[in-house]
Amino acid sequence: MPTDPDTIELHEDELREIAGYAADCARRTLPVFEDGRPSDTRPRDAIDAAYAFAAGGRRTNALRQLAWAAYRAAGDAASPAAADAARAASHAAAAAFLHPRASAHQVKHILGAAAHAARAAEQACGEGRSDAATTLGWACHHAPAAVAAVLGRLPAAPAGGGRVGEFVRDLDTALRA
């Protein structure tokens, strides 16, 4: 049990569940990226690596590099929606590196993949909220217990971050309820 007020309890099994959840969220919008860049495997590779970690794989520098590669793929994306789909994949792989810090910033590491997937869905169909709402609803419904448990140990999601930040806060509020 951590005694430092700046740290939280974080078990490896929780970290693996969070990474698997993030990969599930990101996978839902992967086609948005791949439709414009079918030969660019960086986001898919990051999601696959997140799944491998969730299934018991090691947290390695290679996993971190795949997260960064998916993030860079966002810069090469064919559309803003595709860029957010790549960012969702990046967040999925990066979820394995969640820190046991009592920081609101860590909420973004837990919910970033879901929030970017919602933004990708929203942009793919225009600015209507229905696809984003569907994606956010799916993310809430499919979140494993570890997501809510770890969120409960953290401060609330921070302000800012534009539309994706709004989605992070919406998810954070819903999953803490």
For residues that are closer than 13 Å to ASP45 by Cα and free of Cβ contacts under 8 Å to residues at least 24 places away in the same chain, scanning just the stretch 63-92, find the one that is surrounded by the most Cβ atoms within 10 Å (Cβ to Cβ). TYR71
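For the stretch 115-126, state whether one or more residues are in contact with a Leu (Cβ under 6 Å, 6 or more places away or on another chain), assigned to a helix (DSSP H, G or I) and open to solvent by less than 50 Å² (accessible area, probe 1.4 Å). Step through it out loud before you land on a result.
From the stretch 115-126, those in contact with a Leu (Cβ under 6 Å, 6 or more places away or on another chain) are 118; that's our starting set.
Narrowing the set further to residues that are assigned to a helix (DSSP H, G or I) leaves 118.
The next check asks that each one be open to solvent by less than 50 Å² (accessible area, probe 1.4 Å); those that pass are 118.
Among the residues of the stretch 115-126, at least one is in contact with a Leu (Cβ under 6 Å, 6 or more places away or on another chain), assigned to a helix (DSSP H, G or I) and open to solvent by less than 50 Å² (accessible area, probe 1.4 Å), which makes the answer yes.
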Within the stretch 130-177, residues outside any helix (DSSP H, G or I) and either within 24 Å of ASP13 (Cβ to Cβ) or in contact with a strand residue (DSSP E or B) (Cβ under 7 Å, 6 or more places away or on another chain) (or both) come out as ALA143, PRO144, GLY152, ARG153, LEU154, PRO155, ALA157, ALA177
Quick one: which residue in ARG163, ARG153, ARG176, ARG101 is closer than 24 Å to PRO43 by Cα, touching a residue at least 12 places away in the same chain (Cβ under 8 Å) and open to solvent by 30 Å² or more (accessible area, probe 1.4 Å)? ARG163
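The values are calculated or read from the model by the stated rules, or taken from the named source; none is laboratory data. What you see is a predicted model, and the numbers here were worked out from it, not measured in a lab. Neighbour counts are summed over all protein chains in view; Cβ atoms, including those assigned to glycine, are modelled from backbone coordinates with ideal geometry. Just so you know, the surface numbers come from the protein's heavy atoms only, side chains and all, with ligands and any DNA or RNA stripped out. Shrake-Rupley method; radii C 1.70, N 1.55, O 1.52, S 1.80 Å.
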